[in-house]
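Just so you know, all these numbers are worked out from the coordinates, no wet-lab data involved. Just so it is clear, the model here is predicted, and its values are computed rather than measured. Cβ placement follows ideal geometry from the backbone for every residue including glycine, while neighbour counts extend to all protein chains displayed.
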Amino acid sequence: MSASVPKPRKISDFKPLFDRVAQTSHYQVNFSVPWPVKQYLQSRGVDKRFIGESVGLLCKSASIPGSAFATAEITGNFQGVTEKMAHTRMFQDISLTFYVDYEYKSLKFLEHWMEFISSGSEKNPLQSGYHYRMRYPKDYKSDSTTIVKFDRDYNKDHAIEYGFLGLFPRSLQSIPVQYGDSQVLEATCNFTY
């Protein structure tokens, strides 16, 4: 069996392919939080307009989630052979990093959303006997959060949209502050869906 040898081509033949590759810096995150969360955020100083527009614009980086198949091993169909069969497609959490604005609304958006999830006891956390009680999932999960990936020509035919059902913040990473050279404060949160 002989290997096929590629034919020589001019650079001008394939240069247009590499001139139009997607860029990482053109995307938009759109949050649509459930009404109970929105009411709670407003009571904590995060207004509707910030939730609907600004927090998505302050998203410095987003990782479009990957996926993998969960598999089961099947032994015995063929002698000496163990087969793997796919049974479930699993999606990874998404990680979003936000610039923290001077009013700390982006940080409050994340902290208070998480606070709402665990404040089902409706007791004052500063009183003795306080306990956590999780809210019902329908009250805190977002069913219309999207990441829209587009390119510099803003052509909707060249865009791709990722929609997330049941999205909510799972963990907020530590935010280091320090003396020395000042940098923009950032908050990274992992979301599950």
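Coupling constants for segment 136-146 follow from the phi torsions by the Karplus curve (6.51 cos²θ - 1.76 cosθ + 1.60, θ = phi - 60°), and in residue order they are 5, x, 5, 7, 10, 8, 8, 10, 9, 8, 9 Hz; glycine and proline get x. A Förster radius of 41 Å, combined with the Cβ-Cβ distance separating H26 from Q127, puts the computed FRET efficiency at roughly 0.25. Toward the positive end of the charge dipole of the chain, with +1 on the Cβ of Lys and Arg and -1 on the Cβ of Asp and Glu, the farthest Cα among H131, V177, V29 is that of V29. Computed from phi, the 3J(HN,Hα) profile of segment 171-177 under the Karplus parametrisation 6.51, -1.76, 1.60 (θ = phi - 60°) reads 8, 10, 6, 4, 10, x, 10 Hz, with x in place of Gly and Pro. Using +1 at the C-beta of Lys and Arg and -1 at the C-beta of Asp and Glu, which of T71, V100, F150 has the Cα lying farthest in the positive direction of the dipole of segment 15-169? After comparing all options, I get V100. Around the amide H of S61, modelled in the peptide plane, lie the amide H atoms of T97, all under 5 Å away and 5 or more residues distant in sequence or on another chain. Under 25 Å of direct C-alpha separation, and excluding same-chain neighbours fewer than eight residues apart, K7 reaches these lysines: K15.
Reducing segment 138-193 and segment 39-95 to their Cα centroids gives an inter-centroid distance of 12 Å.
Using a 7 Å offset from the Cα along the Cα-to-Cβ direction at both T71 and K48, what is the distance between the two label points in nm, to one decimal? For T71 paired with K48, the spin-label model returns 5.1 nm. Only beta bridges with both residues in the chain are counted; by DSSP, about 95 percent of them are antiparallel.
If you take every residue apart from Y193 with its C-beta less than 10 Å away from the C-beta of Y193, what net charge results, scoring Lys and Arg +1 and Asp and Glu -1?
Working: positive: K141, R170; negative: D93, D143.
Once all neighbours under 10 Å are counted, the net charge is 0.
If only the Cβ of Lys and Arg carry +1 and only the Cβ of Asp and Glu carry -1, the dipole of the chain around its Cα centre is close to 280 debye. For segment 1-102, rounded, prolate or oblate, judged on the Cα gyration tensor with a ≥ b ≥ c (square roots of eigenvalues), a/c < 1.5 rounded, else prolate if a/b > b/c? Taking the square roots of the gyration eigenvalues as a ≥ b ≥ c, segment 1-102 is oblate. A simple count of charges around R133, restricted to other residues whose Cβ falls under 10 Å of its Cβ and scoring Lys, Arg +1 and Asp, Glu -1, yields +1.
What is the Rg over Rh value, at two decimals, for the chain, using alpha-carbon atoms and the Kirkwood definition of Rh?
Numbers: Rg = 23.2 Å, Rh = 20.6 Å.
Ratio of gyration radius to Kirkwood radius: 1.13.
For the residue pairs K38/K141; K108/K149; K38/K123, the alpha carbons lie more than 22 Å apart in K108/K149. Per-residue 3J(HN,Hα) values for segment 92-108, derived from phi via the Karplus relation 6.51 cos²θ - 1.76 cosθ + 1.60 with θ = phi - 60°, read 7, 4, 9, 10, 10, 10, 10, 6, 8, 6, 5, 8, 6, 5, 5, 5, 5 Hz in sequence order (x marks Gly and Pro). Between amide H atoms placed 1.01 Å from N, distances below 5 Å from Y27 occur with F150, all of them 5 or more places distant or on a separate chain.
Proximity of backbone amide H atoms, modeled 1.01 Å from N, is registered between R170 and N190, F191, T192 at under 5 Å, excluding neighbours fewer than 5 places apart on the same chain. Near G166: Cβ cut-off under 10 Å, other residues only, Lys/Arg at +1 and Asp/Glu at -1. The net charge is +1.
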